Amino acid sequence: MIATALAIASCGGSKEPEAQTPADHLLAELTSLVEQGKIMFGHQDTYLYGHSWKIEADASTYDRTDIKDVAGAYPALSGMDLGGIELDSPLNIDKNDFNHMRASAVAHHERGGVVTFSWHPRNPLTGGDTWDTSSTEVVASILPGGEKHEMFMGWLSKAADFLESIKTAEGDKIPVIFRPWHEHTRNFFWWGKDLCTKDQYVALWRMTYDYMTKERGLDHLVWSYSPDAGGLFVPEDFGERYPGDDIIDMVGIDFYQFTPADEFIAKMKSSLDMTKAFAQEHGKLMAVTETGCEGVKNAKWWTEVLYPAIKDYPVSYVLTWRNACDENMQHHFYAPFPGHESAEDFKAFAALDQIMFL
């Protein structure tokens, strides 16, 4: 692993790390952008659907996105999720075709963008969904010696197969920021803070990393650790379950706005203070790995809420969540679309020199 943040100006020094693997190459590029003061803007599922449209089944190009429809440029970062891959489903948890996900990742990379994947796997012990928190034995059951260990290793194999398949037409592996086991400082998922011990959580991370990297040889994955900021109260909370410098490349926070703007900005800044201190201490890049305000209810949210909250930090990227197209989820969107009241402000946000689009 490269101690990437040692090359970040805010952390001291300016030597760019030597790019040896696809992951190393991406880390060097991200470090360079941070040194330039750039923050990549990202959007979840951006090419697969928008607020009022969904990609056609026979689509061969990936050039539509609500982001481009509004700002005239593509997001620099494209986010997607592997949930469902563990069940051999052709569709992920948001009903996206995995073939389209793979192809859009390649198209985005060739456009000059960066790709990130999270993973919301089903509960391997109960058979429930990823939000089934009815048992505190799930993580224990999939660690070595656990009753579901063999089954879960099969799940890891399927996830690895998909990640390994993200290649250019020439067969070159495309670097991917991989962000499993996220938001663990809360209890949203079966790997949450009160659902497994610290040692079990760290063991889950290391088992995942060892299989993907050492057994499968996936050298194109950049590994990202991302607590939920709502579970951060003192600096020690950030790294309380940190898996280790040898397997983590980036650290970030997931934080959505559920409170008035001034409270959101204050909490985002205090959480980024913790993230920055941890990133500097451990030599890692930092990011806002998920954020947004459902429905973007403030017409000036981009320039008067989000930007003031992040602009003073060496953030490599900020990822907003998806724009659902389901008829019963018309309120569930985190980026503007043509005609939305925040569209003009989003254009102003996209025009800021610090914020990077393609």
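Yes/no matrix, rows are residues, columns are (1) outside any strand (DSSP E or B); (2) within 20 Å of the chain's Cα centre (by Cα); (3) closer than 19 Å to G128 by Cα:
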residue: F162; (1), (2), (3): yes, yes, no
residue: E170; (1), (2), (3): yes, no, no
residue: R186; (1), (2), (3): yes, yes, yes
residue: F189; (1), (2), (3): yes, yes, yes
residue: C196; (1), (2), (3): yes, no, yes
residue: Y201; (1), (2), (3): yes, yes, no
residue: Y211; (1), (2), (3): yes, no, no
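Among the conditions (1) in contact with a helix residue (DSSP H, G or I) (Cβ under 6 Å, 6 or more places away or on another chain); (2) surrounded by fewer than 18 Cβ atoms within 10 Å (Cβ to Cβ); (3) under 30 Å from K173 (Cβ atoms), G217 misses just one, which is (1). Does K300 qualify as being among the charged types (D, E, K, R) and under 20 Å from the mean Cα position of the chain (by Cα)? So K300 fails the test.
Quick grid of which residues meet (1) closer than 22 Å to A229 by Cβ; (2) surrounded by fewer than 16 Cβ atoms within 10 Å (Cβ to Cβ); (3) out of contact with any helix residue (DSSP H, G or I) (no Cβ under 7 Å at 6 or more places or on another chain); (4) acidic (D, E):
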site: A279; (1), (2), (3), (4): yes, no, no, no
site: G292; (1), (2), (3), (4): yes, no, yes, no
site: N298; (1), (2), (3), (4): yes, no, no, no
site: K311; (1), (2), (3), (4): yes, yes, yes, no
site: V318; (1), (2), (3), (4): yes, no, no, no
site: M329; (1), (2), (3), (4): no, yes, yes, no
site: A335; (1), (2), (3), (4): yes, no, no, no
site: S342; (1), (2), (3), (4): no, no, no, no
site: A350; (1), (2), (3), (4): no, no, no, no
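E110: under 30 Å from H25 (Cβ atoms), touching a residue at least 40 places away in the same chain (Cβ under 8 Å), of a type in the set (D, E, K, R) and crowded, with 16+ Cβ neighbours inside 10 Å, yes or no? Here the answer is no, as E110 does not meet what is asked. Looking for something surrounded by fewer than 15 Cβ atoms within 10 Å (Cβ to Cβ), farther than 23 Å from D88 by Cβ, touching a residue at least 12 places away in the same chain (Cβ under 8 Å) and basic (K, R) - is there at least one such residue anywhere in segment 171-188? No, segment 171-188 has no match at all. Any chance segment 236-253 includes a residue that's among the aliphatic types (A, V, I, L, M), under 19 Å from E183 (Cβ atoms) and assigned to a helix (DSSP H, G or I)? Checked segment 236-253: no residue is among the aliphatic types (A, V, I, L, M), under 19 Å from E183 (Cβ atoms) and assigned to a helix (DSSP H, G or I). The set of residues from segment 41-73 being buried (at least 17 other Cβ atoms within 10 Å of the Cβ), over 20 Å from I166 (Cα atoms) and either modelled with pLDDT under 95 or in contact with a helix residue (DSSP H, G or I) (Cβ under 8 Å, 6 or more places away or on another chain) (or both) comprises F41, G50, H51, V70, A71. Yes or no: G145 at pLDDT 95 or above, surrounded by 15 or more Cβ atoms within 10 Å (Cβ to Cβ), over 28 Å from H25 (Cα atoms) and not basic (K, R)? No: the conditions fail for G145.
Restricting attention to segment 319-358, the residues that are of a type outside the set (S, T, Y) and outside any loop (DSSP other than H, G, I, E, B) total 15. Cβ-Cβ distances below 7 Å connect the following pairs, each with a first residue in segment 228-246 that is touching a residue at least 40 places away in the same chain (Cβ under 8 Å), a second residue that is of a type in the set (K, R), and a separation of six or more residues or different chains: D228/R186; A229/K267; G230/R186; G231/R186; G231/K193; E240/K198; R241/K198; P243/R206. Does A160 fit the bill of being modelled with pLDDT of 95 or more, in contact with a Lys or Arg (Cβ under 6 Å, 6 or more places away or on another chain), aliphatic (A, V, I, L, M) and closer than 19 Å to I248 by Cβ? Yes.
In segment 287-312, the residues that are within 19 Å of G252 (Cβ to Cβ) and modelled with pLDDT of 95 or more form Cβ pairs under 6 Å with partners that are part of a helix (DSSP H, G or I) and small (G, A, S), at six or more places apart or across chains, as follows: V305/A261.
The values are calculated or read from the model by the stated rules, or taken from the named source; none is laboratory data. Quick caveat, the model's predicted, so the values are computed rather than measured. Quick reminder, even Gly has a Cβ in these numbers, built from the backbone with ideal geometry, and neighbours come from all protein chains shown.
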